[in-house]
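Every read-out reported here was derived from the displayed coordinates using simple, explicitly stated rules and does not represent laboratory data. Nothing here was measured: the structure is a model prediction, and the numbers come from that model. Cβ placement follows ideal geometry from the backbone for every residue including glycine, while neighbour counts extend to all protein chains displayed.
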Amino acid sequence: MTITTIEALLPHRGRMKLIDQILEMRNESAATVAIVTAEWPLVEQNVVSPLVLIELVAQTSGIAIGWKKLQRKESIDSRGWLVGIKKAHFKVEQIPLHTRITTYAQVQFKIENYTIIKGTSSIGTDVIADIILQVIQASDV
């Protein structure tokens, strides 16, 4: 596996870059780690809303898709994604600062610029969210 950085695969910077570590990259999936910090969006009174897990799944899937493009020698473009939330089931009401969250995202279906992604986020061995995203990437047209 070629070593690459998070920044090479995702356009996110500053407080919107939530992923701290890539655990695994495969053809259609990725696993990442994020540590909750006070700089994250949706943090109030030392906890973060579980809604941020949707963004973690989106960023983790961005890692998977970017990795696949690199493997096929394609360029990683900066065209944005329009993301719809097909399903989001949260098993926690809040997540404390400094919590280590592991997120796994897998491409379930893809046709042209439309992709369905299934993701899970966990704290330790406890799954805290199951999320399905529908993604449309802007085309060149």
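So, in nm, how far is label V47 from label K17 when the simple model puts each one 7 Å beyond its Cα toward the Cβ?
3.0 nm
Order by neighbour count: M25, M16, fewest other Cβ atoms within 10 Å first, most last.
Fewest-to-most ranking of M25, M16: M16, M25.
Mind giving me the nanometre distance, one decimal, between the label points for I116 and L82, set 7 Å out from Cα along Cα→Cβ?
Here the answer is 1.9 nm between the modelled labels.
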